[in-house]
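Asker: I have a structure here, written as structure tokens, and I will follow up with some questions on it.
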Amino acid sequence: MSRSSCHLFLFLFLLLFSLFPFPLLARPFVLVLSQDDLKDVQNDDASPLDSDSSWDDDDFGGTHVKPDDELDPGSWRRLFEPPTTLLSPSHDTSLDSYYAAVQKIISASNNGDARLMEEAAAEIEIAANADGDPHARSVLGFLYGMGMMRERNKAKAFLNHYFAAEGGNAQSKMALAYTYSRQDMHEKAVKLYAELAETAVNSFLISKDSPVIEPIRIHNGAEENKEALKKSRGEDDEDFQILEYQAQKGNAGAMYKMGLFYYFGLRGLRRDHSKALMWFLKAVDKGEPRSLELLGEIYARGAGIERNYTKALEWLSLASEHGLYSAYNGMGYLHVKGYGVEKNYTKAKEYFDKAADNEDAGGHYNLGVMYLKGIGVKRDVKIACKCFIVAANAGQPKAFYQLAKMFHTGVGLKKNLPMATALYKLVAERGPWSSLSRWALESYLKGDMGKAFLLYSRMAELGYEIAQSNAAWILDKYGERSMCMGESGACTDAERHQRAHSLWWQASEQGNEHAALLIGDAYYYGRGTVRDYERAAEAYKHAKSQSNAQAMFNLGYMHEHGQGLPFDLHLAKRYYDQALELDPAAKLPVTLALASLWVRKNYADSFLVHIIDSLPEVYPRVEEWVENVIMEEGNATILTLFVCLLTVLYLRERQRRHAIAAAGAHEPNEHVVPAAR
């Protein structure tokens, strides 16, 4: 493949990546690649591929994946998704005291019980410092980082997460990687994110693509995101209940969807592989071909049933015969690994080719791995690069992982650690620790705000922008009902403002324009921080860079009044005009602002300008008077009756005048002389 053709693929990849599904209100992740990013590689030359152990792993992903509890040790899964079977007598009880303390933290957060929270924090600290438990260290790092029953201390939070990560705690690795990336320490961040992304990739399916289960944003700006929440109520959702009824009545398509929902834990459902298997088998009996491929996955993974590679191949073969071309990926994988069949690279490539020829992204990805590593084919890094970019264009998450590795190691693409870090993070966030989002949402929908806030806060520490935004929104929306725990008990107003400010700031760093706007407001009005017009202007400029009309209006106002920005009426008008161009709903405030500019320009230092400048001080007093005097229950009733009386009197008076006018129009004029005949 020529450099120009590979450059074309890179351009297409850039276009795709800018459209890849990212959280609402957050800046799209745009991968900017140029021809300089391509690296001339002689395929027979020695390269990092030959010496870097990261390329020795199973880049196809696959069925040897461990259970989520092993991939995410110390996870709170046992508390939110307790095992459906009784624990065996040989069950490891060493973590029982750890989970008992975590359960107390969850209960205390949900009920606002400061005494119980202090007791739990003390137990966690003993387990961390005296016993050296890495998972307790991870939780202790979280408590110090948030300032929950402990003085907020970033240094102690970092140290606890560092030793927890050394002890194998994956969530502390995520927290450390995010901390390093915020400080542009990419050499350290990229190593951790690479390890975490590999774990995530090995949990993906071997044939078809796993659905992207994005964390739900519980708000869309200032209001609750009711539409998204409606679709996440699990078995309580009316649409799900209708689907279940249809499935029970024998609808094959509904049976398949039921299996899909339970297998992946979609629409707020708890994952249940046994139920998924039941529904897939019923769907197959009714002639639904799409279930065949998922049955192949289930048997290959041993999900809810004993692993059986022979049956897996049988189901995948049947699926391919029914035109489900992604099933060829699973068949090729089994031949690459020699699972259930003899290892046969030639046969595997044939299957991957069939998938790719039918425009399946997984087929392109698997061919890329074969060419990259020289498995059954002559090694060709350029062809591998092409295959990965085609797969990434189709949204294949494994392809993003491979491109991250290429940027990381300098194989096929020039070494670029910031780019590698960003791509690894994108993939790592789909790892098993993302279950925190599902539990948080479930708690929120049940009205357990304290529990939801705790879980979103934990997830925010791992670097999830949506969790940072959700946690901050709960603080701002629910106040004391958020059950926020501070250094010595329930959060004070100052602690809540400070914590919300910190969370919004982190979200704004990751491109959330609403968060950037709120940070600007916090600095402008001094909410939760010291008033600082210059930092407010910086935040508004950050939101403005994402084409936010409100931010542009605010910048115009600050230029008009010389607050944090130079006094400049021309720039003020430009920002006001841009705000109107972006959002037609801004017509009224922009019109008033332009009128203010006209007065300021033509009647400088007049009493009119002084009146305009005094409005921000007068408005709160008027608002307070309306709220405390007029809106007081008794006064409001009297005022309403008074307004109604005035309205009736006005209408009657208008009716009387119309009647008089009409009568006058019909009366003969005695002074008019009759026309001559």
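The values are calculated or read from the model by the stated rules, or taken from the named source; none is laboratory data. Computed from a predicted model, the values in this text were never measured in an experiment. So basically every Cβ, Gly included, is an ideal-geometry build from the backbone, and we count neighbours across all protein chains shown. Note: areas computed on protein heavy atoms with side chains; ligands, DNA, RNA excluded. Shrake-Rupley method; radii C 1.70, N 1.55, O 1.52, S 1.80 Å.
Asker: Can you bin the stretch 226-432 into rounded, prolate or oblate? Criterion: square roots of the alpha carbon gyration tensor eigenvalues sorted a ≥ b ≥ c, rounded for a/c under 1.5, prolate for a/b above b/c, oblate for the rest.
Answerer: oblate
Asker: Assuming R0 = 41 Å, what is the FRET efficiency of ASP239 and GLN655, from their Cβ-Cβ distance, to the nearest 0.05?
Answerer: So the FRET efficiency works out to roughly 0.15.
Asker: Per residue, how much accessible area does the stretch 498-576 have with a 1.4 Å probe, in Å²?
Answerer: Per-residue accessible area for the stretch 498-576 comes out at 43 Å².
Asker: Continuing with the same structure: In the stretch 226-432, what percent of the accessible surface is made up of carbon and sulfur (1.4 Å probe, ligands and nucleic acids excluded)?
Answerer: 46 percent
Asker: Please work out the FRET efficiency for the pair GLU487 and LYS231, using the Cβ-Cβ distance as r and a Förster radius of 41 Å; give the result to the nearest 0.05.
Answerer: The formula returns an efficiency of 0.60 here.
Asker: Let me ask you something else. Going Cα to Cα from LYS354, which lysines come in below 16 Å? Please leave out same-chain ones fewer than 8 positions away.
Answerer: List returned: LYS208.
Asker: A follow-up question, please. Going down the list LYS382/LYS415; LYS337/LYS373; LYS226/LYS541; LYS173/LYS405; LYS275/LYS311, which pairs span over 21 Å between their C-alpha atoms?
Answerer: LYS226/LYS541
Asker: Using only the Cα atoms of the stretch 138-296, what do you get for the radius of gyration and for Dmax, in Å?
Answerer: In Å, with Rg to one decimal and Dmax whole: 21.1, 61.
Asker: OK, next. Using 0.36 nm times the number of residues separating GLN563 and TYR345, minus their current alpha carbon distance, what extension gain do you get?
Answerer: My answer for the length gained is 71.7 nm.
Asker: A further question follows. Sort out for me the Cα centre separation of the stretch 291-318 from the stretch 95-169, rounded to whole Å.
Answerer: 41 Å
Asker: If you don't mind, another one. Roughly how much of LYS282 is accessible, in Å² to the nearest 10, using a 1.4 Å probe?
Answerer: Result for LYS282: roughly 90 Å² accessible.
Asker: Principal axes first, then extents: for the Cα atoms of the stretch 461-533, list largest minus smallest coordinate on each axis, whole Å, largest first.
Answerer: Dimensions of the stretch 461-533 along the principal axes of its Cα atoms: 32, 29, 19 Å.
Asker: Leaving out ligands and nucleic acids, and using a 1.4 Å probe, what accessible area per residue does the stretch 226-432 come to in Å²?
Answerer: For the stretch 226-432, the solvent-accessible area averages 40 Å² per residue.
Asker: Right, next: Please give the length that would be gained between ASP96 and SER606 if that part of the chain were fully extended, namely 0.36 nm times their separation in residues minus their C-alpha to C-alpha distance (nm, one decimal).
Answerer: Length difference between fully extended and current span is 176.1 nm.
Asker: Restricting to DSSP loop positions (anything but H, G, I, E, B) with no more than 10 other Cβ atoms inside 10 Å of their own Cβ, which trypsin sites (Lys or Arg not before Pro) remain in the stretch 163-270?
Answerer: When the trypsin sites (Lys or Arg not before Pro) of the stretch 163-270 are filtered for loop state and at most 10 Cβ neighbours within 10 Å, LYS249 remain.
Asker: Per the Debye formula with a single identical scatterer at each Cα and no solvent contribution, what log10 I(q)/I(0) holds for the stretch 447-605 at q = 0.10, 0.14 Å⁻¹?
Answerer: -0.43, -0.74
Asker: So what's the stretch 324-472 giving for Cα Rg divided by 2.2 N^0.38 Å, two decimals? Write down the numbers at each step before the final one.
Answerer: Numbers: Rg = 19.4 Å, N = 149, 2.2 N^0.38 = 14.7 Å.
That ratio works out to 1.32.
Asker: Just the accessible area for TYR299, please: 1.4 Å probe, Å², rounded to the nearest 10?
Answerer: Accessible area of TYR299: about 20 Å².
Asker: Still on this structure, I have one more. Name the GluC sites (Glu not before Pro) in the stretch 285-336 that are in a loop by DSSP and that have at most 13 other C-beta atoms within 10 Å, would you?
Answerer: When the GluC sites (Glu not before Pro) of the stretch 285-336 are filtered for loop state and at most 13 Cβ neighbours within 10 Å, GLU306 remain.
Asker: Also, I was wondering about something else. If you rank ARG150, ARG271, ARG137, ARG458 by how much accessible surface each has, with a 1.4 Å probe, what is the order from largest down?
Answerer: Accessible-area ranking of ARG150, ARG271, ARG137, ARG458, largest first: ARG271, ARG137, ARG150, ARG458.
Asker: A follow-up question, please. For the stretch 86-174, which chymotrypsin sites (Phe, Trp or Tyr not before Pro) are both in a DSSP coil and crowded by at most 11 other Cβ atoms within 10 Å?
Answerer: none
Asker: With a point put 7 Å past each Cα toward its Cβ, work out how far ALA585 is from GLU223 in nm, to one decimal.
Answerer: 0.7 nm
Asker: While we're looking at this one, here's another question. Given a 1.4 Å probe and heavy atoms of the protein chains only, how would you sort GLU538, GLU342, GLU461, largest accessible area at the top?
Answerer: Numbers: GLU538 120, GLU342 160, GLU461 35 Å².
Largest to smallest exposure gives the sequence GLU342, GLU538, GLU461.
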